[in-house]
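The values are calculated or read from the model by the stated rules, or taken from the named source; none is laboratory data. What you see is a predicted model, and the numbers here were worked out from it, not measured in a lab. A quick note on method: Cβ atoms are made from the backbone with ideal geometry, for glycine too, and the neighbour counts reach across all protein chains shown. All accessible areas refer to the heavy atoms of the entire protein, side chains included, with ligands and DNA or RNA removed. Shrake-Rupley method; radii C 1.70, N 1.55, O 1.52, S 1.80 Å.
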Amino acid sequence: LTPWTVRNYYIFHRFIFVRGNFGLELSVSNNDSALPTFGQNLHTKGFQSIGPLSSLSAAQAVERLGESAYYHQQLLAAYRWIGSHPRRFLHLTADRVAYFWFPPPEPGTKGGISALLTWCLTLTGIAGLFVMLRHHRWPALAIGAIWLTYPLVYYLLQFDLRYRYPIEWTFLFAASYGILTLLDRFLPGTFHEQMSS
């Protein structure tokens, strides 16, 4: 990622690691009309007026000020809104925390199935992590640290299922461990002996 960071410094004259639009994301996620998920939020007045892809005046402001300055302006606007609406911000954040772990179903049958599978993976992964803590403490602590730290920034932003993708493997790993341990209890010698050899 270093070449991209160097490119960003060359273009914007400041260090931006990968992306620098956090201010915009925070602003479209926290305003008077904001809703907790990207799908819900996409058609709100706040999103439509702030996002340069949906608002001509916002796009013109990006062109006039530059991306970095516009995103910083939106960051300050988000800070002001959060400071003046703490209860609403906490309510949105609580919803986003819940949705990160247990996403709401998206419209359509596939959305319902996807949400159900994600819920099952989350619950099985959490159970598997507790089992792993008893047998392999350090890997379990590493996964627990990922679960505690990775989502923090996404709790502040409108939820989208793709934000979970980079750590989905940790849920699968923990769930698999728990299931294999359970199978080993009913079919002794199938898993833990192989792990210790």
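Annotations
- Top-ranked residue of segment 76-130 - restricted to ones that are of a type in the set (Val, Ile, Thr) and farther than 16 Å from residue 167 by Cβ, ranked as modelled with the lowest pLDDT: 109
- Verdict on residue 174 being surrounded by fewer than 17 Cβ atoms within 10 Å (Cβ to Cβ), more than 19 Å from residue 37 (Cα to Cα) and of a type in the set (A, V, I, L, M, F, W, C): no
- Pair list, Cβ < 7 Å and 6+ apart or interchain, from segment 151-163 residues that are open to solvent by 30 Å² or more (accessible area, probe 1.4 Å) to residues that are among the small types (Gly, Ala, Ser) and at pLDDT 95 or above: 156/29
- Any hit, segment 103-116, residues being closer than 26 Å to residue 25 by Cα, among the aliphatic types (A, V, I, L, M), open to solvent by less than 30 Å² (accessible area, probe 1.4 Å) and out of contact with any helix residue (DSSP H, G or I) (no Cβ under 8 Å at 6 or more places or on another chain): yes
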